[in-house]
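Shown next, in structure tokens, is the structure this report addresses.
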Amino acid sequence: MAPFLIITVVVFLLGVLLWASLSALKRRRLLEDLPTSKTAGVFIGLVELKGTAESESLLTGYLSGKRCVMYVWNVQEHWSRTVRTGKTTQTRSGWTTVASGGESGLFYLQDDLGVVRIDPRKAEIHSQNVFSHTCSKRDPLYYAKGPATAIANSTGKRSFTEQAILLHQPLYVVGQSRVRDDCVAAEIAYDLTAPLFVISTSTEESHRAWGLWKFWCFGLLAVLIPTLAGIVMVQQASDLRVVIGVPAAMGGTMLLIWGTGWFWIVYNSLIGLKNRVKMAMANIDVELKRRYDLIPQIVRVIEGMQHHERDTQETLALLRNQSAIDAVENGADARGCANRLVALAESYPDLKSDTLFLSLHHNLTETEQRIALARHYYNDVVETYNNRRERFPENLIAVAAQLHPVLPFAAEDFERAAVPVQLVN
């Protein structure tokens, strides 16, 4: 029974190591494959953003007192006790959490083009350590921010720590984009189908490096452990073929499983990139269609308003002239025309064409910016895809998957040309 239990534990340990290694690789490749989006060009789906943390309602850290968008604090108390086991005496010590808390809410990520709202609930948050202090009862902080009662076997020492995302702090966010409930705008929030939702004060490069380290560390352990176990098993054997063959077979089996997992993840990553290229092109078409439909409608509205205001101005000019003539010829009887003039002025107190021209300019600028961002996103995805399919050894998998190179975006169709805007005078 004991050997079976040992084998079960070893197999389970190897499975955990392989799973950790391949999961780290899958996460790293996902971060590499996602191009960084601008807040003004966030599309529905999984996105990667970089910017600073901003908020409409500021929070203040409980321990640090610093302005932040979210924080978590913790107070631990040290204890020590003597335990007798038979004739031996042992001293055991440790830390116990005696108080904790935190506060968070909706906040915004801002870059050079705008802001997007972040809902941090259920996110994997990597915050910054903003407060750390260990003190005794003589320190005013001991009771000011901690409970008044002590735990059993307390040594009179407490540790105060706080992690937070500070206001204006640079952030790296990967998550699912969706449409907000309160307005037509995007927000980043938890989605059960999304592979990742990360809010981090660390850089993208550090996350990638950490993923690569875990992939190699856990993977090599998964290969070395059965190899060393095989060496231990055959150390008393006199046959050289057994001494070499058993460890090699056990290590080679794990290496084969590890390599198969790597192949599977790389293949799926390349297919995912291929589909992301298609999605990026579809996003460009959505923006082009929006421009093709929206701008002419705005122009027609402005032209209609121009005609209306021109007619109004001409009518007002004629009435003023007629009022002046009537005043000379008829004196007080000209009040009827003047009343008509006042009534017309009250009916059209403000002329709106200037505002509409500004609105048209804003929509033209915003639309072209959205198209440019969509094209930039597409070309980023295409560059990553082409680099992967040409890089060894991934190019071998790309050939097996029949993945072909993709050209960067180039406008050709008539709808891809700028919409002409010609307003009448």
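The values are calculated or read from the model by the stated rules, or taken from the named source; none is laboratory data. These numbers were taken from a predicted model, which means no experiment stands behind them. Because the Cβ atoms are built from the backbone with ideal geometry, glycine has one as well, and the counts that use them run over all protein chains shown. Keep in mind that these areas ignore ligands, DNA and RNA; they rest on the heavy atoms of the full protein, side chains included. Shrake-Rupley method; radii C 1.70, N 1.55, O 1.52, S 1.80 Å.
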Next item on the list: Take GLY41 and decide whether it is touching a Pro at 6+ places or on another chain (Cβ under 9 Å) and buried (at least 18 other Cβ atoms within 10 Å of the Cβ).
Entry: no
Next item on the list: Can you tell me which residue among ARG81, ARG28 is touching a residue at least 12 places away in the same chain (Cβ under 8 Å) and either assigned to a strand (DSSP E or B) or hydrophobic (A, V, I, L, M, F, W, C) (or both)?
Entry: ARG81
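Kindly indicate whether ASP139 is acidic (Asp, Glu) and within 28 Å of the chain's Cα centre (by Cα).
Numbers: acidic (Asp, Glu): yes; within 28 Å of the chain's Cα centre (by Cα): no.
Criteria not met by ASP139.
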Next item on the list: Looking only at segment 89-101, decide whether some residue is without any contact (Cβ under 8 Å) to a residue 40 or more places away in the chain and under 27 Å from the mean Cα position of the chain (by Cα).
Entry: yes
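Hey, among VAL424, VAL419, VAL406, which residue is outside any helix (DSSP H, G or I), at pLDDT below 75 and surrounded by 13 or more Cβ atoms within 10 Å (Cβ to Cβ)? Reasoning before the result, please.
On the way: VAL424 fails: surrounded by 13 or more Cβ atoms within 10 Å (Cβ to Cβ); VAL406 fails: at pLDDT below 75.
When all the criteria are applied, what remains is VAL419.
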Note to self: Can you tell me which condition CYS135 does not meet? The list is (1) outside any loop (DSSP other than H, G, I, E, B); (2) touching a Leu at 6+ places or on another chain (Cβ under 9 Å); (3) touching a residue at least 40 places away in the same chain (Cβ under 8 Å), and all the others hold.
What the structure shows: (3)
Next item on the list: Please give the number of the condition ILE118 fails out of (1) surrounded by 11 or more Cβ atoms within 10 Å (Cβ to Cβ); (2) over 20 Å from GLU187 (Cα atoms).
Entry: (2)
Margin query: I'm trying to understand the selection: among the residues of segment 59-96, which are β-branched (Val, Ile, Thr), touching an Asp or Glu at 6+ places or on another chain (Cβ under 8 Å) and more than 19 Å from SER200 (Cα to Cα)?
Written below: THR96
Item checked: THR161 assigned to a strand (DSSP E or B), hydroxyl-bearing (Ser, Thr, Tyr) and open to solvent by less than 50 Å² (accessible area, probe 1.4 Å) -> yes
Next item on the list: Taking only segment 164-200 into account, find how many residues are in a strand (DSSP E or B) and farther than 19 Å from ARG27 by Cα.
Entry: 8
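Can you name the residue in segment 60-69 that is assigned to a strand (DSSP E or B) and in contact with a Ser or Thr (Cβ under 8 Å, 6 or more places away or on another chain) and, of all such residues, is surrounded by the most Cβ atoms within 10 Å (Cβ to Cβ)? Lay out the reasoning, then the answer.
Step one: list which residues in segment 60-69 are assigned to a strand (DSSP E or B), which gives 60, 67-69.
Right, trim to in contact with a Ser or Thr (Cβ under 8 Å, 6 or more places away or on another chain) and you get 67-69.
Details: ARG67: 14, CYS68: 27, VAL69: 29.
The residue in question is VAL69.
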